[in-house]
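As structure tokens, the structure follows; a few thoughts come after it.
The values are calculated or read from the model by the stated rules, or taken from the named source; none is laboratory data. What you are looking at is a predicted structure, and each value in this text was computed from that prediction instead of being measured. Please note: Cβ atoms are built from the backbone with ideal geometry, for glycine as well, and neighbour counts cover all protein chains shown. We work out accessible area using only protein heavy atoms, side chains counted, and drop any ligands, DNA or RNA first. Shrake-Rupley method; radii C 1.70, N 1.55, O 1.52, S 1.80 Å.
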Amino acid sequence: MSGVALGRFEAVAPAIRFENIAPSTGVGFIARNGATGEKYQPETMLAGVALIDYDGDGLLDIYLVNGAEMPSLVKTGPGYYNRLYHNNGNGTFTDVTERAGVAGAGYGMGVAVGDYDNDGRPDLYVANVNGNQLFHNNGDGTFTDVTAKAGVAGGTFHGRKMWSVAAGWFDYNKDGLLDLFVSNYCQWDPAHEPSCTGLAGRGYCHPNSFGPLPNTLYRNNGDGTFTDISEGTGVGAVQGKGMGIAFADYDGDGFTDIFVANDNSPNLLFHNIGGKHFEEVGFPAGVAYNEDGNVLAGMGAVFQDVNNDGLPDIWHTAIENETFPLFLNKGREQFVNAGQMSGLARATREMSGWSNGAADLDNDGWRDLFAARGNVMDNIDQISRHFHYAEPNAVFRNLGNGRFEDVSASAGADFLKPAPHRGLAYGDLDNDGRIDLVVTALGAPVQILRNITYTANHWIELKLTGTRSNRMGIGARIRLTTEDGREQYGEVFTSAGYGASIDPRVHFGLGNSRIVREIEIRWPSGIRQVLQNVTADRILAVEEPRGSK
């Protein structure tokens, strides 16, 4: 790209580039789905990725969710283990799965990171097809499965355990304790898998072959247990085929709201009414359908401000011929699909996407968009010249003028390597101020895509610690002002994409600003904190003041 785009910080933008360092790091994970000729539905849908500093050394470790045998849904050997890799800080990782006790049980889907007991150590919640798991971080490099004690194994529907896809931690009632939201997919029984055939023979069935499910909301009781409050809060009153979930306070009332990308059913937007009840407003808010009034195959979701107007927007992935809609938050509880205006509709028309993200990859002050790509059908190549099971990933540069440019072709050979990609999580793995990606693919080695974008732009990352609010500061809202008066906004959350958990530190690209004029933090407790004249190019730890609001 050459020339100047309106609102950008520099005349010539650097090429956003990545290199896959996984082969040299000691991370050899392969997502194994236990595929059979029976085309069991979960086979095409795993698996989640989490970035978690589980030992508190300031370096992000990697947790990868894996499948199991079909149709037993049992992890019959190490090849199906979920894996935890410790970041050694020298470009290598060590597999610590068995010592840590987090190999998991059942057929894995997604993962969520949150410190539910405020002990300063992040815990893991794994969403499975056949019963979920909560791993408590013991602080000595090990975890304990506390699912039964906590009461969060997952809901039941018509007597069967619900198939969960994703989960996320947030404090819905602002009591300083992280609560848990779980998206559930469809009514599925391996003993009664429907047979769906097409031009290429038997394939994975359309989601319409299965009934919908309600989602699940657990309230944190503060004693290591949770209560399922789905029905009493209105969350359980709505059914769908839940996939990616993301959180934000979209109307600025101080209470966190929930977006659920649904697969071939209307997307859901749960408006948090004062921390007591949720009202599903996806249709009146304008995010339930595409601009033609059709449902989409919603996959991954992000809920972040992409145009620096202080209002969190929604971007979710879908499948080929649908496009990935960008719902811009216009205020007054209304969103507008800017897919056509932004250029994303045309760019994504022939793409199938799963997990996705929004982050400033070149530190120019504008959040870019990216997605893990791969077709749902493993035999699509037999019937189509245009669509392929293995697809390259995609990245869209934010031009700062409301438009995005597909710059995937210049992102490097590693980034463009086709595979049936599914999971993606993002964060600063080496603490160099550039956002890296971890991407999984079915039956293929994981990619650790190190961001090697060459730029002189500056950056800052904020690591928040709550005192009156939850310990991780999840739900805190940040307004940042650079030297030239430009403003950016962010919120602290770990849930994003498709069953993924991202870096809890909030990253901002600063362009040519060496000083941040002001950082305003509005903590979930209501406390307002202001920092001024902060130097750039560092990770800044901020603790919530213990005083009054």
**Asked** Does region 337-347 contain at least one residue that is free of Cβ contacts under 8 Å to residues at least 40 places away in the same chain, in contact with a helix residue (DSSP H, G or I) (Cβ under 9 Å, 6 or more places away or on another chain) and assigned to a helix (DSSP H, G or I)?
**Response** yes
**Asked** Out of all the residues in region 466-473, is one or more in a strand (DSSP E or B) and either at pLDDT 95 or above or surrounded by 16 or more Cβ atoms within 10 Å (Cβ to Cβ) (or both)?
**Response** no
**Message:** Just the residues that are among the basic types (Lys, Arg) and modelled with pLDDT under 95, please, taken from region 159-182.
**Reply:** ARG160, LYS161
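Consider region 113-128. How many of its residues are open to solvent by 30 Å² or more (accessible area, probe 1.4 Å) and closer than 15 Å to THR144 by Cα?
So the answer is 3.
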**Request:** Consider only pairs whose beta carbons are under 7 Å apart and that are at least six residues apart or on different chains; among these, list those whose first residue lies in region 151-168 and is more than 22 Å from TYR498 (Cα to Cα) and whose second residue is open to solvent by 10 Å² or more (accessible area, probe 1.4 Å) and part of a strand (DSSP E or B).
**Result:** GLY151/PHE226
**Prompt:** So which residues in region 431-465 are within 21 Å of PRO23 (Cβ to Cβ), open to solvent by 10 Å² or more (accessible area, probe 1.4 Å) and either in contact with a helix residue (DSSP H, G or I) (Cβ under 6 Å, 6 or more places away or on another chain) or in a strand (DSSP E or B) (or both)?
**Reply:** LEU442, ALA444, PRO445, GLN447, ARG450
**Asked** Where residues in region 494-549 are part of a loop (DSSP other than H, G, I, E, B) and of a type in the set (D, E, K, R), which of them is modelled with the lowest pLDDT?
**Response** LYS549
**Request:** For ILE62, indicate whether it is surrounded by fewer than 20 Cβ atoms within 10 Å (Cβ to Cβ) and at pLDDT 95 or above.
**Result:** no
**Message:** Checking the condition within 19 Å of TYR81 (Cβ to Cβ), assigned to a loop (DSSP other than H, G, I, E, B) and open to solvent by less than 40 Å² (accessible area, probe 1.4 Å), which residue from GLY110, GLY131 passes?
**Reply:** GLY131
**Message:** Going by what's in this entry, would ASP305 be described as free of Cβ contacts under 8 Å to residues at least 24 places away in the same chain and touching an Asp or Glu at 6+ places or on another chain (Cβ under 7 Å)?
**Reply:** no
**Prompt:** Right, GLU43: touching a residue at least 12 places away in the same chain (Cβ under 8 Å), more than 20 Å from ASN87 (Cβ to Cβ) and in a loop (DSSP other than H, G, I, E, B) or not?
**Reply:** no
**Request:** Working only within region 426-457, note down all residues that are in contact with a strand residue (DSSP E or B) (Cβ under 6 Å, 6 or more places away or on another chain) and small (Gly, Ala, Ser).
**Result:** GLY427, GLY433, ALA441, ALA444
**Message:** Looking for something within 22 Å of GLN488 (Cα to Cα) and either surrounded by fewer than 19 Cβ atoms within 10 Å (Cβ to Cβ) or modelled with pLDDT under 95 (or both) - is there at least one such residue anywhere in region 371-378?
**Reply:** no
**Message:** All but one of (1) over 30 Å from PHE387 (Cα atoms); (2) out of contact with any Leu (no Cβ under 6 Å at 6 or more places or on another chain) hold for CYS196; state the number of the condition that does not hold.
**Reply:** (1)
